[in-house]
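Contents: one structure, followed by commentary.
Since every read-out is calculated from the coordinates, none of them should be taken as a lab result. Computed from a prediction, not measured in an experiment: that's the story for all the values here. Glycine also receives a Cβ, built like all others from the backbone with ideal geometry; neighbour counts cover every protein chain displayed.
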Amino acid sequence: MSNKTPTQYIAVRFPPSPTGELHIGNIRTMLFNYLFAKHNELTGGESDIYMRFEDTDKERSKKEFETVALEALEALGITFNHGPYRQSERGELYTKAIKTLIDTGHAYEAESSKDDPDSKVIRFKNPNKAVTFTDAIRGEISIDTTDFGDFVIARSLNNPLYHLTVVVDDIDMGITDIIRGEDHITSTPRQILLIEALGGKVPRYAHLPMIIGEDKKKLSKRHGAVTYQKFAELGYLPEAIINYLALLGWSGKDDREYYTTQELIEVFTLEGVNKSSAMFSYEKLDSINKHYINTLPKEELEAKINQYLPSRITLFVSNAPADVKDEIIHKVIKERINKWSDVQTICDTDLAWLENPMPIDKNKIVWKNSTIQDTKTHLNKIISLVEDVSVTDWQIENIKAVIWSYAEEQGKGAVLWPMRYSLTGAERSPDPFTVAYILGKDKTIERLESAKASL
Ligand code: GLU
């Protein structure tokens, strides 16, 4: 591609196989390539990023997976400046390379197996030597290629196999740095042999640590969401996904947790990549996502939450006074969610009491070692206390103020639990003052009375 000096110029590639939705491991690999290239630019170098779909597996490769891959990259802001190329459209290059290898004595046609003498394949003439390369993450690696034998590189002149297409593309695109998953380490010696035989320049390599689940097994569907699409459906923010993926196998100098993409570009180097496997933690991703939710402007947050609210709650919220609506959206819901899809869950658990009173279970309303009699007394007292709060003063702080000293004197659990439970009939809900405020004075008294009557 260039006559620039290799220290300034780097070319990397994104080579997913479009055989499924983009796996989070692929995205992590692309992100590291992207950060590596952009960091080089930031420090005065030039770089190229090539996007190519490795779609030689005709049966499993699908156009729709290309589309979702490109959409995912776009949503995440991971860009490239060449392509997308498709290996299925680059057949001539591969045929030419196979011919060259045959002409130069590096490959030959052979029977594919003893059982079927008519079917032929093209084999690489393995020089059977030790191939040594320096991996930016794992150091010097030396592998004796003798065990690979004369491996097959194509079924015919027009039907190349994986290693050949990768190598031909990497040479053609002038790739200087191959950053990919550790599972490709064993491909590297074969690919280096092919590059040497084709007279190409061997690139630098960096093999990234594997991503594993909490059971230490390779991250897969069994662990939960693993494709970008699934994470998007669950309602994670792109900036949180990027931030979390960057920390999967890489760390900055001071174990810092939050980075924007721009900040990552500034500090990312391969020296920060670890050798040991990276454990994917859904909990950690949630906490990072929550951090980004908390930084959203009020209107944006509200619009997003509204989008995920079940319609019955939307109806309630849209009829509620502005301050009640604010309390529900910006306190109750926002404080309880880690990602947008949690909105629905929270509405079903912590907010189910909103529209209709829930049935009261007599066995649940009495606090630990309190009694039915005491509980009735407390509810009576609460009713008379809140009756004194005027509708215009009906605010969380004021409701709390009239009840608090009585609760402290009688035992907070014995007083506040029956109050909260009478209002919600739920084991999980916001505190009783918030609930009373949201329900309004009339409904609060109504529900307290009806719970008392049920005792
Ligand atoms: N198509 C390969 C994959 O998706 C890429 C291998 C490589 O980076 O060389 O795993």
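Some observations on this one:
- Paired Rg and Dmax values of the stretch 357-455, which use every Cα atom, in angstrom: 12.0, 37
- As a ratio to 2.2 N^0.38 Å, the alpha-carbon radius of gyration for the stretch 403-455 is 1.07.
- What the Kirkwood sum gives for the stretch 9-61 is a hydrodynamic radius of 12.0 Å, with every pair of different alpha carbons counted.
- Using Cβ point charges alone (K and R +1, D and E -1), the dipole size of the chain about the Cα centre works out to roughly 680 debye.
- Span from the the stretch 158-174 Cα centroid across to the the stretch 13-48 one, whole angstrom: 19
- Sorted peptide list for 172-180, 337-345, criterion being average Cβ within 10 angstrom, highest first: 172-180, 337-345
- Principal axis box of the stretch 196-347, alpha-carbon based, largest edge first, Å: 73, 34, 30
- Rg/Rg_ref, the stretch 293-336, where Rg_ref = 2.2 N^0.38 Å and atoms are Cα: 1.06
- Debye log10 I(q)/I(0) at q = 0.11, 0.14, 0.17, 0.20 Å⁻¹ for the stretch 264-423, Cα point scatterers: -0.65, -0.91, -1.13, -1.28
- Relative contact order of the chain, pairs being alpha-carbon contacts under 8 Å that are 6 or more residues apart, as %: 12
- For Ala154, residues with placed amide H under 5 Å, excluding near neighbours: Ile122, Leu161
- When shorter helices are ignored and each DSSP H run of at least 4 residues is given -39500 (n - 2.57), the per-residue value for the chain at 222 nm works out to -13500 deg cm²/dmol.
- Where GluC sites (Glu not before Pro) fall in DSSP loop in the stretch 268-322, at most 12 other Cβ within 10 Å: none
- Mean Cα-pair separation over length for the stretch 27-117, i.e. relative contact order, pairs under 8 Å, 6 or more apart, %: 30
- Counted by Cβ distance under 11 Å from Trp367, the other residues give a net charge of +3, where Lys and Arg count +1 and Asp and Glu count -1.
- For the stretch 1-98, convex hull of alpha carbons as volume per residue, Å³: 109
- ³J(HN,Hα) computed for each position of the stretch 426-438 - Karplus, 6.51 cos²θ - 1.76 cosθ + 1.60, integer Hz, glycine/proline x: 10, 7, 10, 5, x, 5, x, 6, 4, 4, 4, 4, 5
- Computed over the chain, the Cα gyration tensor eigenvalues convert (square root of 5λ each) into semi-axes of 64, 22, 19 Å, ordered from largest to smallest.
- P(r) tail for the stretch 239-289: Cα pairs beyond 12 Å make up 62% of the total.
- Likely footprinting exposure, Val366, Val435, fewest C-beta neighbours within 10 Å first: Val366, Val435
- Translational diffusion coefficient (Stokes-Einstein; Kirkwood radius from C-alpha pairs) of the stretch 38-79 at 25 °C, 0.890 mPa s, in µm²/s: 197
- Net charge of Cβ neighbours under 12 Å - reference Gln229; Lys, Arg +1; Asp, Glu -1: -3
- Of all DSSP bridge pairs formed entirely within the chain, close to 50 percent run antiparallel.
- Applying D = kT/(6 pi eta Rh) to the stretch 71-132, where Rh is the Kirkwood radius over alpha-carbon pairs, T corresponds to 37 °C and eta to 0.692 mPa s, the Stokes-Einstein value obtained is 213 µm²/s.
- When the Cα convex hull of the stretch 129-172 is projected onto planes of every orientation, the mean area is 4.3 nm².
- At 1.002 mPa s and 20 °C, Stokes D of the stretch 42-176 from Kirkwood alpha-carbon radius, µm² per second: 122
- Rg/Rh, computed from the Cα trace of the stretch 138-243 with Rh as the Kirkwood radius, has the value 1.07.
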